[in-house]
Structures are given as C-alpha cells and as structure tokens.
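Asks: Before anything else, here's the structure in question.
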Amino acid sequence: MAEQFSLSTQQRDTINTLLAIITDKVSTSVRDADLPHGLLSGLAGQLLFLYKAYEYDASLVDEALFTEKLDALQEGLDQQSFEMSNGLAGQAWLLEYLNQADPENYDPELLEEIDELFRESLDHQPWQGEIEMVLGLSGFAPYASRRAKQSDQTALYGVIVNGLESTATRFDNGHITWSQPQESVYRFNKDEPTEPEYNLGLAHGVPGIIAALLPAVQIPALKERVTTLLLGACDWLLEQQSTDCTSHSCFGSSAGGEHHSRLGWCYGDLTIAMTLARVGQQLDRPSYVERALEIGLHAAGRDEQSGHITDAGLCHGFYGMAVIYQILNQLMPHPRFVQAMQYWVDYSLRQYTERGVESLYSYNGLDKAYNEDFGFLMGYAGIGLALTSLFDDDTGWVDCLLMA
C-alpha cells in the first residue's frame, strides 16, 4: 500500500489556529500598511493568500477588504515597473490567476493591453538586461504561461524565447547555458564581470531559465527552437552535478563552485530535480526523470542542519520544504518524498508549539535577527498558502515561482 501523508487531529487543530492568526495578520497588513503592489513581497502576494484562505474558510476573510484592495491593485497598474518581483509581471499574473479561478465569468479582454505592453517592451535583440526570474526576462514567463491557458500567447512567448536565445552560450557538444550578465545584481563575482558565471539557482540561474522556457514547447510555432534550448540546457546542467553527493548537495550555487547549496526554492538540489523531472516528462526523456529522482531522493535525507534552514518561509524555510516535497511527490510519486513532506510538516508545527508565532518570523542574514514578514516569498502569506495546500493538495499557484 502506498505511503500517505497524514495530519493528526491535533495537527489539524494547530493548522486551523495558525491560519486564523496568519489571516488576521495579513488582513491587518493589507488594510493598514502602505504596501508596494508586488507579488513576491507586497500587496499582490498577500491578496493571493487571502483568496486561498477564503476558499479554505470564508469566515476568516473580510470580503469587502479583499475587493477594495484588489480594485486598488488594478487601478495602480499604470504606475508599476515591469518585473516579476515588485512589478507588473507578478501583479498581472495574479489578476489572470483570479480571472481563471471563475471560469463562468472569465474575461478574455482583461489583460490584452498588458500582453501588448510586454510584447513591445521586451522586444530587444539581443536582450540587454537581467535574464533570471525575479527582476529579469524569465520572470515574464509565469504570466505568459498562465495567460496561454486561455489565449494565444505565441507572440509574447516568442519575444521571451528570442531574448533567451540571444543571450545563450552554446558549446560544440550541443550543451547550452546562460552566464549572468556583466552588470547583473545577482553576480557572485562582481570584481570580474567579464568572466562567465553560471548560476545554478531556480530564482536567479539556469534552472529558472529552463523552467521559464518549458511551457513554450506547447506552442507549435516555438516548439522546435524551445526543445533545442531545453535539451541542450538540461544536458549542460546535469554535467554540473558533483560526482560525490554523499556528504553534501549534488549541485552548488554556481557552476564550478563548492557543492554546499542549501535546501530551498531559490537554490539547491530540490528545484533542480523538480525542473529536470518536468522537462523529462514533457519531452519524453526518461533519463532526465531518473536523474531527477536520484537527486530528489538524496536531498530527502537532509535535515534542517545539513539543509541550512533557519526560518519558515517559502523561499528557503521549513514550510517551503513541505510544499516542495509535496510537488515532487505529485511529479514523481515516491514514499520517500511523502516521508520528507511529513518530516517538514511535523517539524514546522513543532516549531510553532515550542516558539509560538515567532517561529514564523523571517531571518535576516545581514543583521542576524528574526523579524515579522507579511509577504509571499519570505513571510506569512507564503506560509499560509503552504498550509492551505496541505488540506486540499492544490498547488496550482506555484507556477508563479516556476514550479509548475
């Protein structure tokens, strides 16, 4: 009999309590704080949580407040920068997510002007800006792929693919990768900007570019070009794996570096495994799925010490771990992933029992302190989304983080 994830009655009660606390805190933030409108750390991400909390238990959410702030988000679209993190790409993703959540009332024209705006503003050859997902070109892919569920996004995705093709490094053996741009804020080695630097994180590196390209294989006009990029990039990525994963992670934070990456969404083996599995399944490459399973199972043996996990959030915290193993088990069902998900849920709820709400605080590595964070990526909103997903197994929102 297959191993099943389960919650005890006491754990369910604890999660109910936590969701009530988190919903109250996020509602207060949305009502009283002068928030930036972004998805990853601002209003859009907090509204995403409140929407899912309303689905979970409508009595927790002030519907009038939600509607008021969603209207404010839409009215402020013309004042936003464009990127995923704090800008239009993330906010527009949320609007399309909510639009699709009500199929009977879906408005196909709601975001057509934004489609056109992105097509025009991103059409630079070669692409000159950031290429990763938080501030760069890959961060427009979640919006494009979400829109493509309901409308033809050949033109917008074509611009994204053109930009990523124009910045790719191609090797004689067919491998393909991407170096961080010389002026990138995410370069580890800023002293030598002309040296190639190949980031291995989903948030800022090659795995994220692979995940950003993947939905475009569903677009007939782009399929052949995108398939070439994906296969070349996955083959290159697998070459970066350590020959000895026994004591450390299988992948470092950048190619050629030490293999000491943390467990998390942003960096590390878990989302590399997830990305390889998704490509392998989509392109019918069983070898990618097999390698992904090996990498994921190795990571499943790591705990909070070896995984360098110091706080709770989605990005690299213990609630994020629970969601990532949940997704891995959806992709590649395996008892070890269920056990790992169970471990991190048990660990997370035990932290709350022992430390209360402070167990949910975000750790700031600069000042070595824990602080309240209300946002989606690092704080309450993302933790709340992780908790709701434990009950309904609905992780449909994770495409905005390039995990679907």
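The values are calculated or read from the model by the stated rules, or taken from the named source; none is laboratory data. All values reported here derive from a predicted model rather than from experimental measurement. As a convention, Cβ positions derive from the backbone with ideal geometry for all residues, glycine included, and neighbour counts pool all protein chains shown. Heads up: the accessible areas ignore ligands, DNA and RNA and are worked out on the full protein's heavy atoms, side chains in. Shrake-Rupley method; radii C 1.70, N 1.55, O 1.52, S 1.80 Å.
Asks: Look at residue 295 and say whether it is touching a Cys at 6+ places or on another chain (Cβ under 7 Å), closer than 30 Å to residue 350 by Cβ and part of a helix (DSSP H, G or I). Can you show your working first?
Replies: Working: touching a Cys at 6+ places or on another chain (Cβ under 7 Å): yes; closer than 30 Å to residue 350 by Cβ: yes; part of a helix (DSSP H, G or I): yes.
Here the answer is yes, as residue 295 does meet what is asked.
Asks: Would you mind stating whether residue 134 is touching a Gly at 6+ places or on another chain (Cβ under 9 Å), β-branched (Val, Ile, Thr) and buried (at least 18 other Cβ atoms within 10 Å of the Cβ)?
Replies: Details: touching a Gly at 6+ places or on another chain (Cβ under 9 Å): yes; β-branched (Val, Ile, Thr): yes; buried (at least 18 other Cβ atoms within 10 Å of the Cβ): yes.
Yes: the conditions hold for residue 134.
Asks: Residues of the range 289-342 being at pLDDT 95 or above and of a type in the set (D, E, K, R), which ones?
Replies: 290, 291, 294, 311, 336
Asks: Given the options 184, 151, name the one that is in contact (Cβ under 8 Å) with a residue 40 or more places away in the chain, farther than 14 Å from residue 126 by Cα and under 21 Å from the mean Cα position of the chain (by Cα). Steps first, please.
Replies: Numbers: 151 fails: under 21 Å from the mean Cα position of the chain (by Cα).
Testing whether each residue is in contact (Cβ under 8 Å) with a residue 40 or more places away in the chain, farther than 14 Å from residue 126 by Cα and under 21 Å from the mean Cα position of the chain (by Cα) leaves just 184.
Asks: Turning to a different aspect of this structure: List every residue pair whose Cβ atoms sit under 6 Å apart, with the two residues 6 or more apart in sequence or on different chains, where the first one lies in the range 58-77 and is under 16 Å from residue 29 (Cβ atoms) and the second, anywhere, is open to solvent by 70 Å² or more (accessible area, probe 1.4 Å).
Replies: 61/54; 65/31
Asks: Could you tell me how many of the residues in the range 51-79 are open to solvent by less than 40 Å² (accessible area, probe 1.4 Å), more than 21 Å from residue 21 (Cα to Cα) and either among the polar types (S, T, N, Q) or not in a loop (DSSP other than H, G, I, E, B) (or both)?
Replies: Counting residues in the range 51-79 that are open to solvent by less than 40 Å² (accessible area, probe 1.4 Å), more than 21 Å from residue 21 (Cα to Cα) and either among the polar types (S, T, N, Q) or not in a loop (DSSP other than H, G, I, E, B) (or both) gives 4.
Asks: Is it fair to say residue 22 is farther than 28 Å from residue 204 by Cβ, part of a helix (DSSP H, G or I) and either in contact (Cβ under 8 Å) with a residue 40 or more places away in the chain or touching a Ser or Thr at 6+ places or on another chain (Cβ under 8 Å) (or both)?
Replies: On the way: farther than 28 Å from residue 204 by Cβ: no; part of a helix (DSSP H, G or I): yes; either in contact (Cβ under 8 Å) with a residue 40 or more places away in the chain or touching a Ser or Thr at 6+ places or on another chain (Cβ under 8 Å) (or both): yes.
So residue 22 does not fit the description; no.
Asks: Could I ask something else about it? Being surrounded by fewer than 20 Cβ atoms within 10 Å (Cβ to Cβ), of a type outside the set (D, E, K, R) and touching a strand residue (DSSP E or B) at 6+ places or on another chain (Cβ under 8 Å) narrows it down to one residue among 310, 353; which is it?
Replies: Numbers: 353 fails: touching a strand residue (DSSP E or B) at 6+ places or on another chain (Cβ under 8 Å).
Checking each option against the conditions leaves just 310.
Asks: Any idea how many residues of the range 25-46 are assigned to a helix (DSSP H, G or I) and under 13 Å from residue 380 (Cβ atoms)? Steps first, please.
Replies: Taking the range 25-46 as the starting set, the residues that turn out to be assigned to a helix (DSSP H, G or I) are 25-32, 43-46.
Going one step further and asking which of them are under 13 Å from residue 380 (Cβ atoms), we end up with 25-30, 45-46.
The number of residues fulfilling the criteria is 8.
Asks: Continuing with the same structure: For the range 331-341, give me the residue count where each residue is under 21 Å from the mean Cα position of the chain (by Cα) and either at positive phi or buried (at least 17 other Cβ atoms within 10 Å of the Cβ) (or both).
Replies: Just the residues of the range 331-341 that are under 21 Å from the mean Cα position of the chain (by Cα), to begin with: 331-333, 337-338, 340-341.
Going one step further and asking which of them are either at positive phi or buried (at least 17 other Cβ atoms within 10 Å of the Cβ) (or both), we end up with 331-332, 337-338, 340-341.
Adding up the residues that qualify gives 6.
Asks: Select from the range 196-230 the residues that are over 24 Å from residue 250 (Cβ atoms) and in a loop (DSSP other than H, G, I, E, B) and write down the one among them that is most open to solvent (accessible area, probe 1.4 Å).
Replies: Just the residues of the range 196-230 that are over 24 Å from residue 250 (Cβ atoms), to begin with: 215-228.
When the remaining residues are screened for being in a loop (DSSP other than H, G, I, E, B), the result is 219-222.
Working: 219: 17, 220: 116, 221: 77, 222: 8 Å².
Checking each candidate, the answer is 220.
Asks: Within the range 81-96, can you find the residues that are in contact with a Pro (Cβ under 9 Å, 6 or more places away or on another chain) and open to solvent by 20 Å² or more (accessible area, probe 1.4 Å)?
Replies: Initial filter on the range 81-96 (in contact with a Pro (Cβ under 9 Å, 6 or more places away or on another chain)): 84, 86, 89-90, 93.
Across the range 81-96, the qualifying residue is only 86.
Asks: Select from the range 233-287 the residues that are in a helix (DSSP H, G or I) and of a type in the set (D, E, K, R) and write down the one among them that is surrounded by the fewest Cβ atoms within 10 Å (Cβ to Cβ).
Replies: If we filter the range 233-287 for residues that are in a helix (DSSP H, G or I), which is where we start, we get 233-239, 269-282, 286-287.
Retained after the next criterion (residues that are of a type in the set (D, E, K, R)): 235, 239, 269, 278.
On the way: 235: 18, 239: 12, 269: 28, 278: 23.
Here the answer is 239.
Asks: So, one more: Looking only at residues in the range 166-179 that are in contact with a strand residue (DSSP E or B) (Cβ under 9 Å, 6 or more places away or on another chain) and either in contact (Cβ under 8 Å) with a residue 40 or more places away in the chain or open to solvent by 90 Å² or more (accessible area, probe 1.4 Å) (or both), which one is farthest from residue 404 (Cα to Cα)? Explain how you work it out, then say what you get.
Replies: Kept after step one, since they are in contact with a strand residue (DSSP E or B) (Cβ under 9 Å, 6 or more places away or on another chain), are these residues of the range 166-179: 168-171, 175-179.
After this cut, where a residue has to be either in contact (Cβ under 8 Å) with a residue 40 or more places away in the chain or open to solvent by 90 Å² or more (accessible area, probe 1.4 Å) (or both) as well, the list is 168, 170-171, 175-178.
On the way: 168: 23, 170: 26, 171: 28, 175: 24, 176: 22, 177: 21, 178: 21 Å.
Among those residues, the one meeting the criterion is 171.
Asks: Could you list, ordered by first residue, the pairs with Cβ atoms under 6 Å in which the first is in the range 296-321 and touching a residue at least 24 places away in the same chain (Cβ under 8 Å) and under 24 Å from residue 238 (Cα atoms) and the second is among the charged types (D, E, K, R) and open to solvent by less than 50 Å² (accessible area, probe 1.4 Å), at least 6 apart or interchain?
Replies: Pairs that qualify, where the first residue is touching a residue at least 24 places away in the same chain (Cβ under 8 Å) and under 24 Å from residue 238 (Cα atoms) and the partner is among the charged types (D, E, K, R) and open to solvent by less than 50 Å² (accessible area, probe 1.4 Å), are 299/269.
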